[in-house]
Amino acid sequence: MTTLFISDLHLTPERPDITRAFQQFMTGKALEADTLYILGDFFEVWIGDDDDAPYVLNIIKWLREYSDSGHQLFFMCGNRDFLIGDNFAKAAGATLLSDPTVIDLYGIPTVLMHGDSLCTQDLEYMAFRQMSRAPAWQTELLAKPLAERRAIAQHLRQQSKSMSSMKAEDIMDVTPEEVVNTMNQLGATRMIHGHTHRPNVHPLQLGDTQGERMVLGDWGEKLWWIEATADSAPTLRQELI
Ligand code: MN
C-alpha cells in the first residue's frame, strides 16, 4: 500500500516540460501507488469546469485513466485553481476534498491543506481569498462566457506583477502559530501542504506530542512528491524534470 501526495504543478500549455513530467508520473510512480492526493495549484489557472481547451481535456483524460484503472484520486483546490468544481471531479474520477481535510494516514491523523490559508501575514491575499471563495462571487464569474473568462485570466496574468501574492518568489511563508493552532484544533500530529514553494520537513512540538509539517515543492525545475506506506514514515522526494 502506497499513498502519494503532489501539489503546485502549475500546469500550463506554456510549460510542456512540466506537462510531460506529469504524464510520466501518472503512468509511472503514481500507477505503482494505490492512492494519489493532489493538493492544489495543479493548474496554473482554472476558468471553470466547462473549459473545453484541448490542453485541459487531455489532462483530465490522464486523470481519468488513472482513476479508471482502480486507483484512488483525491483533489484539493489551490489559490490558482480555486474554481475547480464537481464537474471537473466527475470527469477526472476524483474525489474533491475541502481545505483542510484530516485523513488517517496509516494510523497518523494527518491534516491536508493547500497552504495558502496558513499565510495569514499576507493581508492583501487574505482579503482576496475571502472575496474569491464566496459562492456568489464565483457564481457571477462562472456565469460569464468562456471567452470572457479566458480574457480575464490573461489580463490577471499580465497584472500579476502588481499583486505580490500571485508571484511564486513573493509568496509569504506560513504563520507558525496558525500551523500549531490548526493542528491542535483538528487533532492532527502531521500536516502536509504545498503553496509556499519551500519544500521541507519541519518537526513541531504540539504540547507533549511531537508533530511534523511536511511541505511539498512546486514543479519548476524538479518534481516533488511525498510517498507514504504502512511500514515507513512519509518521505519527501524530488527528481529533476
Ligand atoms: Mn498556491
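The values are calculated or read from the model by the stated rules, or taken from the named source; none is laboratory data. What you are looking at is a predicted structure, and each value in this text was computed from that prediction instead of being measured. FYI the Cβ positions are ideal-geometry reconstructions off the backbone, even for glycines, and counts take in every protein chain you see.
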Any idea which residue in segment 36-89 is nearest to Gly194 (Cα to Cα), counting only those that are part of a loop (DSSP other than H, G, I, E, B) and aromatic (Phe, Trp, Tyr)? Phe42
Those residues of segment 208-232 which are aliphatic (A, V, I, L, M), in a loop (DSSP other than H, G, I, E, B) and surrounded by 12 or more Cβ atoms within 10 Å (Cβ to Cβ) amount to Leu216
Go through segment 68-92 and count every residue that is within 16 Å of the ligand (Cβ to nearest atom) and acidic (Asp, Glu). 1
Filter result for Thr2 (within 16 Å of the ligand (Cβ to nearest atom) and either out of contact with any helix residue (DSSP H, G or I) (no Cβ under 9 Å at 6 or more places or on another chain) or among the β-branched types (Val, Ile, Thr) (or both)): no
Within segment 1-24, can you find the residues that are more than 17 Å from Glu65 (Cβ to Cβ) and of a type in the set (D, E, K, R)? Asp8, Glu14, Arg15, Asp17
Let me spell it out: the conditions are (1) touching a strand residue (DSSP E or B) at 6+ places or on another chain (Cβ under 8 Å); (2) farther than 30 Å from Met26 by Cα, and Met113 meets all of them except one. Which number is the exception? (2)
Identify all residues within segment 111-150 that are among the aromatic types (Phe, Trp, Tyr) and within 23 Å of Ser7 (Cα to Cα); write none if there are none. Tyr125, Phe128
Within segment 90-133, how many residues are over 27 Å from Asp51 (Cβ atoms) and assigned to a loop (DSSP other than H, G, I, E, B)? 6
Among residues belonging to segment 10-49 that are among the acidic types (Asp, Glu) and within 16 Å of the ligand (Cβ to nearest atom), point out the one that is modelled with the lowest pLDDT. Glu44
Just one of Gln138, Gln154 is at pLDDT below 95 and not acidic (Asp, Glu); which is it? Gln154
First in segment 61-89 and more than 13 Å from Tyr37 (Cα to Cα), second anywhere and of a type in the set (Phe, Trp, Tyr) and away from the ligand (no atom under 16 Å from the Cβ), Cβ under 8 Å, 6 or more apart: Trp62/Phe22
Restricting to segment 78-87, give me the number of residues that are touching a strand residue (DSSP E or B) at 6+ places or on another chain (Cβ under 8 Å) and surrounded by 17 or more Cβ atoms within 10 Å (Cβ to Cβ). 4
